[in-house]
Amino acid sequence: MPMLSMRDIRKAYGTNQILAGLSLDVDEGEFVSLVGPSGCGKSTLLRIIAGLEAQDHGSISIDGKPVDALPPKHREIAMVFQDYALYPHMSVAQNMAMPLIMASLPWHARLPLIERIHPLARRGRPAVEAQINQTARHLGIEHLLDRRPAQLSGGQRQRVALGRALVRSPKLFLMDEPLSNLDAKLRTQVRKEIAELHASSKLTFIYVTHDQIEAMTLSDRVAIMRAGSFVQVAPPVTLYEDPDNVEVARFIGSPEINLLPTEVENGRLRIGDRLLDAVIPKGASGDLLVAFRPEAAQFDGIAGLSHDRSRSTSEALDFDVRSIEDHGADLVVHGALATEPSIELRVRAQKLPGTQMSIARIAGRKALRLDREGLLFFDADGQRVRDRTVSSVAAAASPRGALVP
Ligand code: ADP
Ligand code: MG
């Protein structure tokens, strides 16, 4: 049974349709990211899962139970937002205790002033303390428990916010762009900590981000969103190697995937004035876009760059090198085909150890070969063209899924 199940969730603000009928199941312990451009509805969906916002249509279940009628505090979820405000006048331990104390109090005792004097607010502290200590140990912030937020670094504050969300042992952990207020170095560090937290806690995570690298590095599956719909929901490696459409292909991967207009003629591929021998899906013909990742091509013998003869590559294309980016172990070469000078291409090449590369050494016209099996094809609507013949034959010939030779 999935830990989170959403069915046909729709939401409009006035006449603006924000969520267009989203369905998704998330397994227990799974880490799923929602990724997409600003305004596509990520936060709205997260707020609906949390119960902070009501959907117009559809249903949400957590751990098998519909929660549509439940307020946030009864949904057994934890949440961390981008602007995780800690209470400045309280210690770390007190900040972390707040959700536990609040949950144990009747509603009238939760009003801020009453909370200080209400006898219940002082009860049950040993249990609260034990839970805080355990969570703090988990996050490596035990030594910070007596400090005030102002005495913490940005990363430590973020960990306290995680701790405060986690003390209630939620079934579902929701995070909305939790790293976007941190500087780049800290972001990488806290990202690693979130990955470790997921690995050790086995909690179910729904993580919102607009950063594809965060999503790709943290997630079991990534849901790519656009204008209130899921474009593709799949593990990172599937999005990278087997995208359903050109939008996903371009969104995932850095440097970006290369795209060229092409025409498929008699099982061969026309690029510029060349007809290439390539592995072409059986359903492909006519005018298409062909795509290849920066590492799915290589140059003919450039001194200092590794050349893998075992790769099955196409005939050579004339490639004009314009600039390079040296990443230490590899080199990204920017340029264009001689026949398509207006289309910028990127090729990632492995450097041989100890190689100092300069644009002067590599500039000019080079021979580029595409990996015959590394090509993806998209139709005029941007939809992926796959090996339709094979799958339809297999489906027709083996209704029970037997292997077809
Ligand atoms: P994201 O988190 O992906 O950036 P949001 O879910 O915050 O996007 O917002 C999606 C769209 O809904 C945006 O166009 C936003 O302006 C609109 N929106 C969000 N909340 C409200 C609201 N309370 N009232 C009206 N429009 C809203
Ligand atoms: Mg948002």
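The values are calculated or read from the model by the stated rules, or taken from the named source; none is laboratory data. Please read all numbers here as calculations on a predicted model, not as lab measurements. Cβ placement follows ideal geometry from the backbone for every residue including glycine, while neighbour counts extend to all protein chains displayed.
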| request: Name every residue in region 266-303 that is without any contact (Cβ under 8 Å) to a residue 12 or more places away in the chain and surrounded by fewer than 13 Cβ atoms within 10 Å (Cβ to Cβ), in order of residue number. | output: Asn266, Gly301
| note | The condition from (1) more than 26 Å from Ala78 (Cα to Cα); (2) not assigned by TED's automatic domain parsing to the domain that holds Asp371 that Pro261 misses is numbered (2)
| request: Tell me, yes or no, whether region 177-198 has at least one residue that is outside any helix (DSSP H, G or I), more than 16 Å from ligand 1 (Cβ to nearest atom), over 18 Å from Ala161 (Cβ atoms) and at pLDDT below 90. | output: no
| said: Taking the conditions exactly as written (within 12 Å of ligand 1 (Cβ to nearest atom) and assigned by TED's automatic domain parsing to the domain that holds Leu166), does Val35 satisfy them or not? | reply: yes
| Cross-chain or 6+ apart pairs with Cβ under 6 Å, region 203-226 first and of a type outside the set (Lys, Arg), then surrounded by fewer than 19 Cβ atoms within 10 Å (Cβ to Cβ) and in a strand (DSSP E or B) | Ala223/Phe230
| field | Neighbours by Cβ (under 8 Å, 6+ apart or cross-chain): first from region 18-32, at positive phi; second among the polar types (S, T, N, Q) | value | Gly21/Ser229; Gly29/Thr204
| request: Give Val35, Val26 a once-over and let me know the one that is of a type in the set (Val, Ile, Thr) and more than 16 Å from ligand 2 (Cβ to nearest atom). | output: Val26
| remark: Within region 193-219, the residues that are more than 16 Å from ligand 2 (Cβ to nearest atom) and under 14 Å from the mean Cα position of the chain (by Cα) are Ile194, Ala195, Phe205, Ile213, Met216, Thr217, Leu218, Ser219
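Give the residue, chosen from Ala54, Ala50, Ala78, Ala69, that is of a type in the set (Gly, Ala, Ser), more than 16 Å from ligand 2 (Cβ to nearest atom) and under 12 Å from Leu174 (Cα atoms). Give the steps one after another, and end with the answer.
Numbers: Ala54 fails: under 12 Å from Leu174 (Cα atoms); Ala50 fails: more than 16 Å from ligand 2 (Cβ to nearest atom); Ala69 fails: under 12 Å from Leu174 (Cα atoms).
After ruling out the rest, the residue left standing is Ala78.
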